[in-house]
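As structure tokens, the structure follows; a few thoughts come after it.
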Amino acid sequence: SQTIHQWPATLVQPVGSPLSLECTVEGTSNPNLYWYRQAAGRGLQLLFYSVGIGQISSEVPQNLSASRPQDRQFILSSKKLLLSDSGFYLCAWREDRYGPQHFGDGTRLSIL
Amino acid sequence: GESVGLHLPTLSVQEGDNSIINCAYSNSASDYFIWYKQESGKGPQFIIDIRSNMDKRQGQRVTVLLNKTVKHLSLQIAATQPGDSAVYFCAESPQGGSEKLVFGKGTKLTVNP
């Protein structure tokens, strides 16, 4: 069966520091991969998605970037975090464009 | 533009009652719809999906109804339990498949014992 892992579960970072959040998927090949941010009590905002290694689509202009160095690895990064980057970050995978997305348990990021 | 919204942001029910969570969508070309459940501090969990060639689909204690005429989607939960308390999101996918899903804002379901 397929599983998705995100880490860390929680992270507290100072303003201006770098960020690296990692997501890996097991049990599937060539999945679509997604990064979302969710503000408290709000819906899901799509940040990036990838349909293959090295292929990244950005949905909103921001202080973040994404990379997909391996088929089942998706990384969310920032060179200098802003206060507004605080939130709950979710990674998801999808086997093809006709099925549901499956989510990890997220990373709670707090910027101080 | 594409949007998926909800009629009610919160819903409170008694344990054992049936729950109905509604969702309106605006893109008549969408042909695939999904319901997710999100518990506090966790990622959304897939519940059930339905394609536009169907108007009803049933799972374990859950039923999704799709009314394409009025662009309305609903999730029915039978015999609601305290463990059903969560935020429920609907999502849609444009016709022909898309890498992206459009998510609604969510409805918070509270089950009172």
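Order A:80, B:56, most accessible first, counting only protein heavy atoms with a 1.4 angstrom probe.
On the way: A:80 130, B:56 105 Å².
I get A:80, B:56, largest accessible area first.
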Residue A:3 versus residue B:108: modelled label distance in nm, points set 7 Å from Cα along the beta carbon direction: 3.2 nm
Rg and Dmax in Å for region B:4-112, alpha carbons only: what are they? 13.2, 41
Under the 7 Å Cα-to-Cβ spin-label approximation, residue A:39 and residue A:108 lie apart by a distance in nanometres of 1.9 nm
Name the residue, out of A:96, A:71, A:85, whose mean-square fluctuation peaks in a Gaussian network model built on chain A with Cα pairs under 10 Å. A:96
Please express the Cα-Cα pair-distance distribution P(r) of region A:53-106 as a list of whole percents, one per 10 Å bin, running from 0 to the bin with the greatest distance. 19, 51, 27, 3
Tail beyond 33 Å, pair distance distribution of the protein assembly as shown (Cα, percent): 17 percent
Please report, in debye to the nearest 20, how large the charge dipole of region B:15-98 is about its Cα centre when each Lys and Arg carries +1 at its beta carbon and each Asp and Glu carries -1 there. 200 debye
For region B:74-113 and region A:1-24, compute the distance between their C-alpha centroids and round to whole Å. 25 Å
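I'd like the carbon and sulfur percentage of the solvent accessible area for region A:3-111, probe radius 1.4 Å, heavy atoms only, ligands and nucleic acids excluded.
51 percent
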Treating only the Cβ atoms of Lys and Arg (+1) and Asp and Glu (-1) as charged, compute the dipole magnitude of the protein assembly as shown about its Cα centre; round to the nearest 20 debye. 300 debye
Of A:98, A:36, A:49, the most mobile residue in a GNM of chain A (C-alpha springs, cutoff 10 Å) is A:98
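Report the full-extension gain for the segment residue B:78 to residue B:29: residue separation times 0.36 nm, less the Cα-Cα distance, to one decimal in nm.
Values: separation 49, 0.36 × 49 = 17.64 nm, distance 2.99 nm.
Fully extending the segment from residue B:78 to residue B:29 adds 14.7 nm.
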Quick check on region A:3-111: what are the equivalent-ellipsoid semi-axes from the Cα gyration tensor, as sqrt(5λ), descending, whole Å? 22, 14, 13
Write down the percent of antiparallel bridges among all DSSP beta bridges whose residues are both part of region A:3-111, to the nearest 5. 90 percent
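Determine the dipole magnitude for chain A: charges of +1 sit on the beta-carbon of Lys and Arg, -1 on that of Asp and Glu, nothing else is charged, the reference point is the Cα centre, and the result goes in debye to the nearest 20.
Around 280 debye, computed over chain A.
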By the scheme Lys and Arg +1, Asp and Glu -1, what is the net charge of all other residues having a beta-carbon under 9 Å from that of residue B:45? +1
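Relative contact order of chain A, please, whole-number percent, based on alpha carbon pairs below 8 angstrom and at least 6 residues apart.
Computed value for chain A: 36 percent relative contact order.
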Name the most mobile residue of B:71, B:100, B:42, meaning the one with the largest mean-square fluctuation, in a Gaussian network model of chain B with Cα contacts below 10 Å. B:42
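The values are calculated or read from the model by the stated rules, or taken from the named source; none is laboratory data. All figures in this text were calculated on a predicted structure; none of them were measured in a lab. Cβ atoms come from the backbone with ideal geometry, glycine included; neighbour counts cover every protein chain shown. Side chains are part of the model used for accessible areas, which takes the heavy atoms of the whole protein and leaves out ligands, DNA and RNA. Shrake-Rupley method; radii C 1.70, N 1.55, O 1.52, S 1.80 Å.
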